[in-house]
Amino acid sequence: MNSSLFQITSKIAALARSGCFVQARKLFDGMSYRDTVAWNSMLAGYSQLGLHQEALSLFHQMRISNAKPDPFTFTAALSACADSGSLLNGTKVHALVIVSGYQSSLAVNNSLIDMYGKCLNAFSAGEVFQAMDDTNEVTWCSLLFAYANSGQFNAAREIFNLMPRKVDIAWNTMIAGLGRCGEIELCLDMFKKMLQSLCEPDQWTYSALISACTESSELLCGCVLHSVIIKSGWSSAVEAKNSILSLYAKLGSLSDAMKIFESTGILTQVSWNAIIDAHMKGGNLHEAFHMFQCLPEKNTVSWTSMISGYAKNGYGEEALSFFAGMVSSHLLPDDFTFGSVLHACSNLAILGYGRMIHGSAFRRGFSTYVYVGNGLVNMYAKCGDLDGSILAFSDIYEKDLVSFNAMLFAFGLHGKAKQALQVYEDMIASGTKPDKMTFIGLLMTCSHSGLIEDGHVFFESMRSAHGLSYEADHVACMVDMLGRGGYLTEARELANKYSKTGYIEANSCEALLGACSAHSEVETGTFLGEELKVLEPDKEMSYVLQSNLYCARGLWKEAAMVRKAMIDEGLKKMPGCSWIEVRDKVTSFVAGNHFHPHMEELCKIIYFLDFEMRNPCFL
DNA sequence: GTAGGGTTAG
């Protein structure tokens with residue numbers, strides 16, 4: 001009896017190890033009696049294959065059955081939490097470790113430190129470490145990783161210095177961590193010290209160094225290191241090759257990246273994905289799609305590259321069809337995937353679909369992730385659901401700069417200036433440094449809400465207090481703000497003051513022209529319109545704005561002449577349209593279009609609404 | 001018969 005239990009268990013372990021988890025699970029489910037080792041074997045199988053959800057649900061089943069978890073159980077369960085980045089589940093398992101009395105097991109404690117480190121919770125990792133009376137190399141390395149991974153480099157260095165014996169992996173952890181934070185000089189310094197010590201750099205050392213160069217846009221430094229790698233003999237290692245490839249792909253020389261790609265004996269998924277992504281970044285969708293089709297095996301990253309690339313280039317529908325393709329090939333979306341899909345949803349302004357994605361991300365446990373949360377804030381705002389944005393924002397587990405910017409824009413977009421400025425206050429209070437985007441959001445908000453004084457203060461503090469330089473868009477926002485408020489002279493002066501070419505920049509000129517039509521300044525407007533035609537001869541904007549200017553003053557003949565001149569130049573204005581989503585169908589409306597099937601009913605409703613707005617006491 | 005660390009790509 002016992003021997004058959006042993007036999008089946010070893011079979012399960014072997015099957016799971018080789019990736020045949022379906023067969024392994026069949027055997028496991030057919031067992032009449034399972035002891036702890038049997039549960040552990042199945043659990044470890046899922047955990048190692050990256051099937052974190054399955055692992056955790058098996059762990060749960062084990063708890064409600066009679067089996068008693070042991071240190072093997074906990075290490076497998078914690079590794080599933082660690083690799084899926086689920087701090088919530090990890091903390092629950094930690095509680096069960098204490099309940100089961102295993103808090104002095106070295107392996108379990110090491111797994112706990114690893115889990116907290118991967119979930120970016122160095123503080124808890126440190127607490128576990130403090131309570132340990134027995135430690136080994138793994139303990140120290142995991143603790144070091146915990147601090148380095150969460151960007152706490154002073155603490156990481158302290159731990160590194162305290163380590164009883166510095167193994168290669170500790171050097172690699174420090175180098176990789178410093179590199180990820182953009183500390184390229186400290187990173188190279190570490191590498192020098194490593195060479196001076198008795199530790200030998202390996203493929204991971206070089207991979208981390210090259211990634212550090214990529215992170216800091218140090219192409220030249222990366223090239224030097226590339227030659228060092230060739231001399232060291234590690235250049236054929238997959239890890240090094242992939243990093244080198246992504247260095248060239250990301251820092252612009254796609255042809256160099258292609259050379260590495262074509263010379264690579266082992267074409268790993270990483271190489272393919274890096275090239276696809278480089279094509280996407282360069283806006284070369286056709287080439288990216290071609291490479292994607294040639295990919296022998298597509299993983300989550302490959303599909304996500306396609307989704308995000310098409311979404312970024314404004315092809316929302318195509319992006320969503322890639323998402324559908326991914327789902328039907330049974331790949332599980334992760335936080336990056338959801339973020340990219342939400343990006344597509346905000347471009348298409350399809351609230352219903354966006355909500356569905358939100359639900360899906362929630363069920364998979366990703367809705368509190370920063371990349372997903374930022375996408376949700378943006379999606380809800382663009383789809384007109386400000387409350388949705390607010391809820392999504394408050395759900396984000398660790399808000400970053402993009403989260404604050406997205407929420408600021410959301411309020412700004414909906415004309416809620418007070419709340420937008422509050423977001424900025426909260427952002428500063430949280431220690432997050434504002435960037436150029438933040439100030440675009442602030443200035444736009446001030447402009448749309450007529451907060452001219454606040455606008456001036458932000459514009460000034462942007463340079464003096466935050467050390468940021470003005471870009472054309474910031475100046476244009478200010479010009480727009482002053483122009484809307486009727487301060488046309490000041491607006492023009494400002495535009496002149498900050499122009500780099502001596503001429504008013506095109507986007508400031510557009511803003512000024514807009515202000516001229518709002519305030520009926522025909523002469524100035526005409527002059528600016530001619531200037532804008534010189535600045536952007538291929539754009540229809542100058543003609544449209546000038547024509548609007550004449551229309552506002554009732555100068556219909558002049559307006560018609562401008563429109564005709566535009567057509568003569570071969571320019572066409574894309575008509576603006578509005579659209580709504582009703583029961584999964586999007587209907588769009590263009591001015592002057594009478595062919596909508598329900599046009600008559602719609603006109604009646606609009607007539608009624610118009611009447612009601614003009615006579616608010618009617619009802 | 002089961003277990004614990006770093007690794008590149010979106």
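State whether the residues of segment A:363-379 include one that is part of a helix (DSSP H, G or I), more than 28 Å from A:THR214 (Cβ to Cβ), touching a Cys at 6+ places or on another chain (Cβ under 6 Å) and away from DNA strand B (no atom under 16 Å from the Cβ). Scanning segment A:363-379, I find at least one residue that is part of a helix (DSSP H, G or I), more than 28 Å from A:THR214 (Cβ to Cβ), touching a Cys at 6+ places or on another chain (Cβ under 6 Å) and away from DNA strand B (no atom under 16 Å from the Cβ), so the answer is yes.
Of everything in segment A:270-301 that's assigned to a loop (DSSP other than H, G, I, E, B) and out of contact with any helix residue (DSSP H, G or I) (no Cβ under 6 Å at 6 or more places or on another chain), which residue is surrounded by the most Cβ atoms within 10 Å (Cβ to Cβ)? Don't jump to the end; show me each part of the working.
Looking only at segment A:270-301, we keep the residues that are assigned to a loop (DSSP other than H, G, I, E, B), and these are A:282-284, A:295-299.
Adding the requirement that they be out of contact with any helix residue (DSSP H, G or I) (no Cβ under 6 Å at 6 or more places or on another chain) leaves A:282-284, A:296-298.
Details: A:GLY282: 13, A:GLY283: 11, A:ASN284: 16, A:PRO296: 7, A:GLU297: 7, A:LYS298: 20.
Going through the qualifying residues, I end up with A:LYS298.
Taken over segment A:552-571, the criterion of being touching a helix residue (DSSP H, G or I) at 6+ places or on another chain (Cβ under 6 Å) and part of a helix (DSSP H, G or I) is satisfied by A:ALA552, A:GLU558, A:ALA559, A:VAL562, A:ARG563, A:MET566. If you check A:ALA429, A:ALA417 for being surrounded by fewer than 18 Cβ atoms within 10 Å (Cβ to Cβ) and not β-branched (Val, Ile, Thr), only one passes: A:ALA429. Are there any pairs, at least 6 apart or on different chains, whose C-beta atoms fall under 8 Å, with the first in segment A:558-570 and within 13 Å of A:LYS539 (Cα to Cα) and the second among the basic types (Lys, Arg) and surrounded by 13 or more Cβ atoms within 10 Å (Cβ to Cβ), and if so, which? Going by the 8 Å Cβ cut-off, the qualifying pairs are A:MET566/A:LYS573. The residues in segment A:72-88 that are modelled with pLDDT under 90 and away from DNA strand B (no atom under 11 Å from the Cβ) can be counted, and the count is 4.
Considering segment A:181-208, the residues that are within 27 Å of the chain's Cα centre (by Cα) and not hydrophobic (A, V, I, L, M, F, W, C) include one that is surrounded by the fewest Cβ atoms within 10 Å (Cβ to Cβ), namely A:GLU185. Only one entry in A:LEU602, A:LEU528, A:LEU532, A:LEU549 is under 29 Å from A:ALA349 (Cα atoms) and assigned to a helix (DSSP H, G or I), namely A:LEU602. What tally of residues in segment A:53-75 results from selecting those that are buried (at least 17 other Cβ atoms within 10 Å of the Cβ), aliphatic (A, V, I, L, M) and farther than 26 Å from A:SER367 by Cβ? So the count comes out to 2.
Determine which member of the set A:GLY90, A:GLY117, A:GLY85, A:GLY126 is closer than 29 Å to A:ASP334 by Cα, of a type outside the set (Ser, Thr, Tyr) and in a loop (DSSP other than H, G, I, E, B). Give the derivation first.
Values: A:GLY90 fails: in a loop (DSSP other than H, G, I, E, B); A:GLY117 fails: in a loop (DSSP other than H, G, I, E, B); A:GLY126 fails: in a loop (DSSP other than H, G, I, E, B).
After applying the criteria, what remains is A:GLY85.
Cβ-Cβ distances below 7 Å connect the following pairs, each with a first residue in segment A:226-239 that is part of a helix (DSSP H, G or I), a second residue that is polar (S, T, N, Q), and a separation of six or more residues or different chains: A:ILE229/A:SER235; A:VAL238/A:THR268; A:GLU239/A:GLN203; A:GLU239/A:SER207.
Evaluation of A:SER520 against the conditions (1) touching a Lys or Arg at 6+ places or on another chain (Cβ under 6 Å); (2) under 22 Å from A:ASP568 (Cβ atoms) shows that the sole unmet condition is (2).
What is the residue count in segment A:360-372 for residues that are under 8 Å from A:GLY339 (Cα atoms) and either crowded, with 24+ Cβ neighbours inside 10 Å or at pLDDT below 85 (or both)?
If we filter segment A:360-372 for residues that are under 8 Å from A:GLY339 (Cα atoms), which is where we start, we get A:371-372.
Of the ones still in play, those that are also either crowded, with 24+ Cβ neighbours inside 10 Å or at pLDDT below 85 (or both) are A:372.
Residues that pass the stated criteria total 1.
The values are calculated or read from the model by the stated rules, or taken from the named source; none is laboratory data. Since the model is a prediction, treat every value here as computed from it, not as a measurement. So basically every Cβ, Gly included, is an ideal-geometry build from the backbone, and we count neighbours across all protein chains shown.
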